[in-house]
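Worksheet: one structure, shown below.
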Amino acid sequence: MLNIRIPFPIVLAVAVFGFCVAGVYPSYGQQTIRIDQIDAAKFKSDNLIRFFVDLRERDGQPVKEIDTKSLAVLIDEIPIPGSMRVTPFYETGEKISAAIILASHFDWHVEIEGGFTPFEMELEGMAKFVQELRPIDRVSLWCYNERGLKPVLAFTQAGQKTADDFRKAASDSCKQVVPDTIEEEGKAPELQATTKVVPQLYTELLKASRERLRDELEKESLARHRYVILMSDCNDQNLKMPQSEQKIQTLVDEIAAEISELGKFYSIAFTTMETGGIPYCAQLSQKTNGVHLQLPDVPKLQDGVAEWAKMAASINRQLVIEFQPEALEGGRSVKFQMSAEVQGTKISTVAEQMTRLEERSRDWKRILIWIGSVLLGLLVLFGLYKLVKAYINKPKAPDPVYIEVQGEPVGAMKGKLSVTSGPAVGEVYYITEAVTTLGSGEGNTIVIPDTSVSRRHAGIKVEEMRFELADFGARNGVYVNGRKINKLFLKDGDEIRIGNTEMTFSLK
């Protein structure tokens, strides 16, 4: 019987990695939903609650769109009725800030299968990430190697130009350190006993999280979300030391506690060697509600770019759900839940923290506006009623009285209409008012006894001796000199036909 002894650190690394695959990535093969943040600042004033939600497909990628009918907000597992609007994060005016940390130690400058180095791969991926963000988003650049973790470029707006600047700055500042000439700060260079030195990644991350990196992220207070994004092999010098698992675990817990106060930790892992460090990067991501991605053992250059693009999509496509409850009391703290149905599968999540809902006072301004609108509407209806009633009960206009001298009216006459054909042939109608109406119905200025003439057929408006004839929408229309018109200024001698009645217009 073979008696094979496997070193304890390797056993531990395998166990931790298995735990991370099972615990950090429970979403593999299934959809997941998580409430990342709840903004209830406008609940008191606008009855509005905003949920920042990560909703992911089976492959871990964000759900691109979802019907609001498949979403529900709950408290104590009881659905809260209300209206919803879903918007991708990148379409909002909110911005993010991301501190990008690139590995640049010895191993990452060694060419791998495919003819490129891991450092070249992460440069292209990082540039893709910065390019995919919006100009309102902000990014900073850091790198780490055997000498420690250092800032390269401070926070600036994202976009194509910044992507190019970051690529150049990283190429210049994150150069390979030759192991045999590594020097400690404040000491002269000295030869090393080994050909290469592994960085103290987690020690440097904790130090930065408590010092300059934390300070820079705190200054990005206007950002809705803040991220620390690391591409690394996650290896650490301490992994080779006695009781390394306990020391690294302590460091990971402390780093997660520091970063989670400000934002999330995202990681992209790739290694060309066996290492027990990758699970710790995964833990950091899991403990801060971040995302952990891992490249294949033999990647193509484009694989690294694709993983960085996934990081950008994970940030950009977070869902912002604006929820206006129909009836939700304030003045209390509640723990919200959210459920969704994705491709026939129902999933749900519970917010990690309670949300304080301010008590909503009566909005007297809005109430008074509503009361005023109702009263104004009633006044308008009453006014319309009075107008209709006055129109219906309008007294008939008295027949015009003229003083005739030798058969002609004297004084007010402005023009006349002489009937040449129709039931009233031979009649002469005088135009004496500013507005003269013609029709077969009583109440017109000129009443024409012709059944083919509408009750209110037409009208003539007089201004400064200009006579404008207008059709009132009569069924048989109005014709002048044989042409149908809607409105027309009359000339002396024009022939007018309404219905079967023909008239000649004459000036005074």
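The values are calculated or read from the model by the stated rules, or taken from the named source; none is laboratory data. No experiment lies behind these values; they were computed from the predicted model shown. Note that we place each Cβ from the backbone using ideal geometry, even for glycine, and neighbour counts take in every protein chain shown. Areas reflect the complete protein model, heavy atoms only, side chains present, ligands, DNA and RNA absent. Shrake-Rupley method; radii C 1.70, N 1.55, O 1.52, S 1.80 Å.
Observations on the model:
- Residue within the stretch 256-268 that is open to solvent by less than 40 Å² (accessible area, probe 1.4 Å) and over 30 Å from GLU94 (Cα atoms) present: no
- For THR445, the stated conditions do not hold, so it cannot be described as touching a Gly at 6+ places or on another chain (Cβ under 7 Å) and open to solvent by less than 60 Å² (accessible area, probe 1.4 Å).
- Of the listed requirements (1) open to solvent by 40 Å² or more (accessible area, probe 1.4 Å); (2) in contact (Cβ under 8 Å) with a residue 12 or more places away in the chain; (3) more than 60 Å from the chain's Cα centre (by Cα), ASN476 misses just one: (3).
- Any hit, the stretch 98-115, residues being under 23 Å from THR349 (Cβ atoms), buried (at least 16 other Cβ atoms within 10 Å of the Cβ), out of contact with any His (no Cβ under 7 Å at 6 or more places or on another chain) and modelled with pLDDT of 90 or more: no
- The residue list PHE323, PHE270 contains one member that is among the aromatic types (Phe, Trp, Tyr) and under 30 Å from MET126 (Cβ atoms), which is PHE270.
- Yes/no for MET338 being of a type in the set (A, V, I, L, M, F, W, C), under 27 Å from HIS109 (Cβ atoms), buried (at least 22 other Cβ atoms within 10 Å of the Cβ) and under 27 Å from the mean Cα position of the chain (by Cα): no
- So GLN302, is it surrounded by fewer than 22 Cβ atoms within 10 Å (Cβ to Cβ), free of Cβ contacts under 8 Å to residues at least 60 places away in the same chain, not in a strand (DSSP E or B) and not charged (D, E, K, R): yes
- In the stretch 345-392, residue nearest to ASP76 (Cα to Cα) [restricted to those that are open to solvent by less than 100 Å² (accessible area, probe 1.4 Å), modelled with pLDDT under 85 and in a loop (DSSP other than H, G, I, E, B)]: ARG360
- For the stretch 75-103, the tally of residues that are closer than 16 Å to LEU55 by Cβ and in a strand (DSSP E or B) stands at 5.
- Qualifying residue in the stretch 153-162 (condition: surrounded by 16 or more Cβ atoms within 10 Å (Cβ to Cβ), in a loop (DSSP other than H, G, I, E, B) and either within 24 Å of the chain's Cα centre (by Cα) or among the hydrophobic types (A, V, I, L, M, F, W, C) (or both)): yes
- Residue within the stretch 123-144 that is over 27 Å from PHE52 (Cα atoms), part of a helix (DSSP H, G or I), in contact (Cβ under 8 Å) with a residue 24 or more places away in the chain and of a type outside the set (A, V, I, L, M) present: yes
- Test: residue in the stretch 129-136 that is closer than 16 Å to LEU295 by Cβ and either of a type outside the set (Phe, Trp, Tyr) or surrounded by 17 or more Cβ atoms within 10 Å (Cβ to Cβ) (or both): yes
- Hey, GLU274 modelled with pLDDT under 90, open to solvent by 20 Å² or more (accessible area, probe 1.4 Å) and closer than 27 Å to GLN249 by Cβ or not: yes
- If you go through the stretch 448-470 and keep only what is part of a loop (DSSP other than H, G, I, E, B) and buried (at least 20 other Cβ atoms within 10 Å of the Cβ), you end up with ILE448, VAL453, SER454, HIS457.
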